[in-house]
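Only the coordinates and a few stated rules stand behind these numbers; no lab work does. Source: prediction; values computed, not measured. So basically every Cβ, Gly included, is an ideal-geometry build from the backbone, and we count neighbours across all protein chains shown.
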Amino acid sequence: MTDEANPLDGLMQMAQDMSEKMGEAEERLGTTEVTGTSGGGLVEVVLNGHLHLVRLSISPLASDVEDPSILEDLVLAAWRDAHDQVAELQAEADPLSGLGGDMGGLGGLLGGG
């Protein structure tokens, strides 16, 4: 028998640390809210860090009875604005992002899309 450390022990510790970091990142993303806007603030979409819709606010000024597609476009633009912000937060929170290289889609583990 030797007193040498088992190389697998270090690997197991790294995996456990990574798992804890991912859990913490998931928790932070779930409680983070991001607001996307369009039409100069006429439409606001609030998403959490998991892309779940939290709130939607539409000013009466955003609605045109003659052309409802305007309102549809404003809602879509506000959602895209919020989505892009969440995607940035997810990338920053991803503990695998610092490893570099292609992780075979593992970066999407935090719900990025």
H50 meets each of (1) of a type outside the set (A, V, I, L, M, F, W, C); (2) in contact with a Gly (Cβ under 9 Å, 6 or more places away or on another chain); (3) in a helix (DSSP H, G or I) with one exception, condition (3)
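Okay, residues lined up against (1) out of contact with any strand residue (DSSP E or B) (no Cβ under 8 Å at 6 or more places or on another chain); (2) within 22 Å of A91 (Cβ to Cβ):
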| residue | (1), (2) |
| --- | --- |
| L8 | yes, no |
| G39 | yes, no |
| V54 | no, yes |
| I58 | no, no |
Within the range 23-47, restricting to residues that are touching a Leu at 6+ places or on another chain (Cβ under 7 Å) and in a helix (DSSP H, G or I), the one that is surrounded by the fewest Cβ atoms within 10 Å (Cβ to Cβ) is E26
